[in-house]
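The values are calculated or read from the model by the stated rules, or taken from the named source; none is laboratory data. Predicted, not measured: the structure shown is a model, and the values here were computed from it. Virtual Cβ from ideal backbone geometry, glycine too; neighbours counted across all protein chains shown.
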Amino acid sequence: MKFFLDTADLAEIEEAASWGALAGVTTNPSLYARIGGKLDDFHDHIKRICDIVDGPVSAESVAMTRDEIIADGRELARIADNVVVKVPTMVEGLAATKVLAAEGIPVNMTLCFTVPQAILAARAGARYISPFIGRFDDISEDGLTQLEQVVTAINNYDFGHDVEIIAASVRSANHVTQAALMGADIATVPFNVLKKCVEHPLTDRGLDAFLKDWEKVQNA
Ligand code: G3P
């Protein structure tokens, strides 16, 4: 499974990239707003992310009609070769994906919650599909089971083009563990979750023990 970072924060992206495992980035308007993003700087900001990341960078279209999403998508795709246009799973989004995919512009269909939505996205030509885990958990449903169903269903078929599943709305290291066990291609994770994936209390305890023993060696 590959790791994407779910953020718009350049410092987080640079830090995660330095760890050697960053395969891509996903952003959305909420994440951009969270870092104080301004509309007129949005495309420049995507360009800055694309320059750091050696992999796909999903940039979301907030347009609501197919023609607007297509126009937006074409503009986003011109920013850099590694831009992926993130499009919501809805009728207008499917229609826009069909056109963008036919033009060779990769699409990440987001806000995907069900197997039928995922299959429709793949049929429309989506290169990536992003089933959400945490938002199901928010409404007391089991997001991991939903993700597992999407992974199984998508892997049942050949859609005639590469389709990768991005486990999204990831809130914990356990979400990452389960996504990997069920064979999701990618997990897109917030920086704090990525850090939790690196850490373990037994690793910390082991380090403490090594350091204490090393001190003894030095003072011997
Ligand atoms: O990639 C989608 C993700 O940003 C949504 O996460 O935590 O807002 O549900 P969350």
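Among the residues of the range 56-71, those that are part of a helix (DSSP H, G or I) and more than 20 Å from the chain's Cα centre (by Cα) comprise 66, 67, 68, 70, 71.
Before we move on, is residue 107 in contact (Cβ under 8 Å) with a residue 24 or more places away in the chain and crowded, with 24+ Cβ neighbours inside 10 Å? Against the criterion (in contact (Cβ under 8 Å) with a residue 24 or more places away in the chain and crowded, with 24+ Cβ neighbours inside 10 Å), residue 107 qualifies.
Note on the range 137-157: residues that are within 14 Å of the ligand (Cβ to nearest atom) and within 11 Å of residue 112 (Cβ to Cβ) total 2. Inspection of the range 187-195 identifies no residue that is of a type in the set (Lys, Arg) and either in a loop (DSSP other than H, G, I, E, B) or within 13 Å of the ligand (Cβ to nearest atom) (or both).
Within the range 11-21, count every residue that is surrounded by 14 or more Cβ atoms within 10 Å (Cβ to Cβ) and either touching a Lys or Arg at 6+ places or on another chain (Cβ under 9 Å) or touching a residue at least 40 places away in the same chain (Cβ under 8 Å) (or both). Number satisfying all stated conditions: 4.
Here's the yes/no breakdown for (1) touching a residue at least 24 places away in the same chain (Cβ under 8 Å); (2) exposed (fewer than 15 other Cβ atoms within 10 Å of the Cβ); (3) polar (S, T, N, Q):
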| position | (1), (2), (3) |
| --- | --- |
| 126 | yes, no, no |
| 130 | yes, no, yes |
| 156 | no, yes, yes |
| 171 | yes, no, no |
| 178 | yes, no, yes |
| 205 | no, yes, no |
| 215 | no, yes, no |
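Filtered by the rule that a residue be in a helix (DSSP H, G or I) and out of contact with any helix residue (DSSP H, G or I) (no Cβ under 6 Å at 6 or more places or on another chain), the range 81-118 gives 91, 93, 101, 102, 116, 117.
Within the range 24-55, being in contact (Cβ under 8 Å) with a residue 40 or more places away in the chain, away from the ligand (no atom under 13 Å from the Cβ) and either buried (at least 19 other Cβ atoms within 10 Å of the Cβ) or assigned to a helix (DSSP H, G or I) (or both) holds for 49, 52, 53.
Answer yes if at least one residue in the range 158-166 is within 15 Å of the ligand (Cβ to nearest atom), at pLDDT 95 or above and at positive phi, and no otherwise.
Of all residues in the range 158-166, those within 15 Å of the ligand (Cβ to nearest atom) come to 164-166.
This time we only want the ones that are at pLDDT 95 or above, so: 164-166.
So of that shortlist, the ones also at positive phi come out as none.
Checked against the condition, which is being within 15 Å of the ligand (Cβ to nearest atom), at pLDDT 95 or above and at positive phi, the range 158-166 yields no hits at all.
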